[in-house]
Amino acid sequence: MSEALKVPTMAQYTAEGKQPEVLFWVGCAGSFDDRAKKITKAFVRILNKAKIEFAVLGTEESCTGDPAKRAGNEFLFQMQAMGNIEVLNGYQVKKIVTACPHCFNTIKNEYPELGGNYEVLHHTQFLNLLLKEGRLKVEGGKFKGKRITFHDPCYLGRANGEYEAPRKLLEKLEVELIEMKRCKSNGLCCGAGGAQMFKEPEAGKKDINIERTEEAIKTQPSIIAAACPFCNTMMTDGVKGKNKEGDIQVMDIAEMIANAEDL
Amino acid sequence: MNYLLNILFLLALFVGIGYFINNIKKIRRNILIGKNINRFDHPKERFKNLLFIAFGQSKLVKRPVSGFLHLVVYLGFIIINIEVLEIIYDGLVGTHRAFSIFGGFYDFLIGAFEILALLVLVSVILFWVRRNLKKVKRFWNPEMKGWPKNDANIILYIEVVLMTLFLTMNAADYHLQQLGVTHYAQVGSFPISQFIAPLFNSMTDSSVILLERFAWWLHILGILFFLNYLYFSKHLHILLAFPNTYFGKLTTYGKFPNNPTVSSEVKLMMDPNVDPFSTPVETDANATPEKFGASDVMDLNWVQLLNAYTCTECGRCTSVCPANITGKKLSPRKIMMDTRDRLEEVGKNIDKNGEFVPDGKQLLDDYILREELWACTTCNACVEACPVSIDPLSIIMDMRQYLVMEQSAAPVLLNGAMTNIENNGAPWPYNQMDRLNWKDE
Ligand code: SF4
Ligand code: SF4
């Protein structure tokens, strides 16, 4: 972590009469949650390294409304959505990248009808694009040959059919990817979606994140790779709950790439 | 000639099919209790889904064992039923095996039917073993007690009876053909039933003829019974799977519909040109305000109600539901079964009263508990797993919407998160002005 992060805002770009290539939508978890902030920074370090002209909305960003909508509060959701769309359209944003599959899903699928039309990419998709265009190089580095399992986020996988982008990045990192029995379209939820993150679980035999972590542990990984800040929290808690935090790390793929490069 | 049998046959057909049509009309009426939703767009894509998912059973084969067995029963069922055409013709006209005029092709058909019948018989027995002895977990959830469990077995028994009658009928026919009994010309080929035929060797010709007629009659009556049993059974899917896959959700699973009434309200609120103190420009002052979400079946749309009638109660959805797997009350299959049960109740109410008279019950609380609704993670696993394109999640979401927007009855913590979103643009109590602080931390 040598250099300071360069994180320009849309307001700054506009003041200079310029337009960035892409808007980085940080999201609430990425902005405020201690664990997720590390993912945000790792992703920014990659963007800085690849010299991508990006900007954030900063204090002009607000919750996409995903948890409100999934909790059943359509009114609050649309208030949030239309407020955000007003800001985004005001800056004439065309392309958005985000490290949160929930933000990704909401902006990509639910904003267009409300007047927000953008090209929206999940960070794993965006990083693949950079690789393809030769603007970013990823090599195994310290992850080469490590046993790693990948937990599919529901809102990237089943909800949007993207199973390959994160796996391609893991392939680039030359890890030994061990799939869990329930993976890709059969992947098991971490338990956070549908606003569950913000409430107590209903009574049952077990918490969902424990069920999923147990499955991940069965693959005997040194790292559980994630691609969603909420899954990350759930799986990290799960690993702690199973007293495995000494052996198993939970890492976002962006963190892995940034670490492989010692960024 | 004696026309009594032909008349009896016509009568049986008339009653059987008439009653069936009546049931179908009832189902149609009940489904149309639902709200309107446009699912007539993209006919090509929809037709493709019908072809692949319903005819091709593309989702079923994801579980190879049950998928394969189901394919056998399904193909057997469809193909063997070609035979019914001949039975109906014979029954009405008084001929015997009228289609044998097709010669070699007829032999081939009957032979194929027999082999299929045997395969169906074997598959159905394996299904029975799986369901009753092997304790496949998804058949033992609480919602599968009582009628649903019996229903599943009854269907298997009906299939066994129908297939056995078919083979007995053929065996007796073959036996009589070999003896050159009049009316029993040497037609068809009987690769399976020829091995049953020797059992009749000690019987007199007339009793074998009686047996043949008996099997023939029971077979067609059994089919008519089966047709009418459907309405009361999860087996309705053999008909409704086709329209249901056609009208299924086409957009990505992650996209939940935006409520247009809410959109216009929010737009109005955010429009700086609207004078907030002017009287609202409501066009229809008497219009009852729209009810948000669903607390009963009439608040759901017709596709959701069609879903409920189509559900096969297979439990694939429940077996992949993270909430159910971890012991919560939520079971997406139960959501569908409850919706159907309540819809039936509403239908009976209409039958009795001419229109729906409030009965002090509703889908919410009387059937589906809040505890079930709040356990859902909206992970879409149930939607992905359903072999007939049912969307239990959409019903859960509509009912949550009712709870929150009409009743303000969200769990306390969730209410807190929503207040935070409203006040400071994040589900946690952080100030929006601190949103970029991470950069310097
Ligand atoms: S969407 Fe809800 S009901 Fe369906 S499988 Fe996931 S948690 Fe269960
Ligand atoms: S909703 Fe679909 S998967 Fe679930 S029980 Fe019914 S048919 Fe089976």
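The values are calculated or read from the model by the stated rules, or taken from the named source; none is laboratory data. The shown structure was predicted, so the numbers you read here are calculated from the model rather than taken from an experiment. Because the Cβ atoms are built from the backbone with ideal geometry, glycine has one as well, and the counts that use them run over all protein chains shown. Surface areas here come from the heavy atoms of the whole protein model, side chains and all, with no ligands, DNA or RNA. Shrake-Rupley method; radii C 1.70, N 1.55, O 1.52, S 1.80 Å.
Table for the structure above
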quantity	calculated
Every residue from the range A:157-181 that is touching a residue at least 40 places away in the same chain (Cβ under 8 Å) and at the interface with another protein chain (Cβ under 7 Å from one of its Cβ atoms)	A:A159, A:N160
Boolean, B:T419 is more than 21 Å from the chain's Cα centre (by Cα), among the hydroxyl-bearing types (S, T, Y) and more than 7 Å from every other protein chain (Cβ to nearest Cβ)	yes
Hits in the range A:137-153 (condition: open to solvent by less than 20 Å² (accessible area, probe 1.4 Å) and either within 14 Å of another protein chain (Cβ to nearest Cβ) or not in a loop (DSSP other than H, G, I, E, B) (or both))	A:F143, A:I148, A:T149, A:F150, A:H151, A:D152, A:P153
Residue within the range A:182-197 that is free of Cβ contacts under 8 Å to residues at least 24 places away in the same chain, within 22 Å of A:R70 (Cβ to Cβ) and within 21 Å of the chain's Cα centre (by Cα) present	yes
Any helices (runs of 4 or more DSSP H) falling wholly within the range B:289-364 and containing at least 2 residues that are away from chain A (no Cβ under 14 Å), within 16 Å of ligand 2 (Cβ to nearest atom) and open to solvent by less than 30 Å² (accessible area, probe 1.4 Å)	B:302-310, B:332-353
Residues being open to solvent by 60 Å² or more (accessible area, probe 1.4 Å) and more than 8 Å from chain B (Cβ to nearest Cβ) - total across the range A:203-223	2
When residues of the range B:248-266 are limited to those that are at the interface with chain A (Cβ under 7 Å from one of its Cβ atoms) and without any contact (Cβ under 8 Å) to a residue 12 or more places away in the chain, the one farthest from the chain's Cα centre (by Cα)	B:V266
One residue from A:E60, A:E16, A:E53 being open to solvent by 20 Å² or more (accessible area, probe 1.4 Å), over 17 Å from the mean Cα position of the chain (by Cα), within 30 Å of B:A410 (Cα to Cα) and at pLDDT 95 or above	A:E60
Residues that are within 7 Å of chain B (Cβ to nearest Cβ) and open to solvent by 30 Å² or more (accessible area, probe 1.4 Å), drawn from the range A:187-202	A:E200, A:E202
Considering residues of the range B:365-403 that are in a loop (DSSP other than H, G, I, E, B) and in contact with a Gly (Cβ under 6 Å, 6 or more places away or on another chain) only, the residue nearest to ligand 2 (Cβ to nearest atom)	B:S389
Filter pass, A:K240 being without any contact (Cβ under 8 Å) to a residue 60 or more places away in the chain, outside any helix (DSSP H, G or I) and not assigned by TED's automatic domain parsing to the domain that holds A:T40	no
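This table checks each residue for (1) among the basic types (K, R); (2) modelled with pLDDT under 95; (3) within 16 Å of ligand 1 (Cβ to nearest atom); (4) touching an Asp or Glu at 6+ places or on another chain (Cβ under 6 Å).
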position: B:N286; (1), (2), (3), (4): no, yes, no, no
position: B:K291; (1), (2), (3), (4): yes, yes, no, no
position: B:S295; (1), (2), (3), (4): no, no, no, no
position: B:D299; (1), (2), (3), (4): no, no, no, no
position: B:V303; (1), (2), (3), (4): no, no, no, no
position: B:N307; (1), (2), (3), (4): no, no, yes, no
position: B:T312; (1), (2), (3), (4): no, no, no, no
position: B:R316; (1), (2), (3), (4): yes, no, yes, no
position: B:A323; (1), (2), (3), (4): no, no, yes, no
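The rows are residues; the columns are (1) touching a Ser or Thr at 6+ places or on another chain (Cβ under 6 Å); (2) more than 9 Å from chain B (Cβ to nearest Cβ); (3) at positive phi; (4) part of a loop (DSSP other than H, G, I, E, B).
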{"position": "A:T40", "(1), (2), (3), (4)": "no, no, no, no"}
{"position": "A:V44", "(1), (2), (3), (4)": "no, no, no, no"}
{"position": "A:S62", "(1), (2), (3), (4)": "no, no, no, yes"}
{"position": "A:E86", "(1), (2), (3), (4)": "no, no, no, no"}
{"position": "A:I96", "(1), (2), (3), (4)": "no, yes, no, no"}
{"position": "A:C103", "(1), (2), (3), (4)": "yes, yes, no, no"}
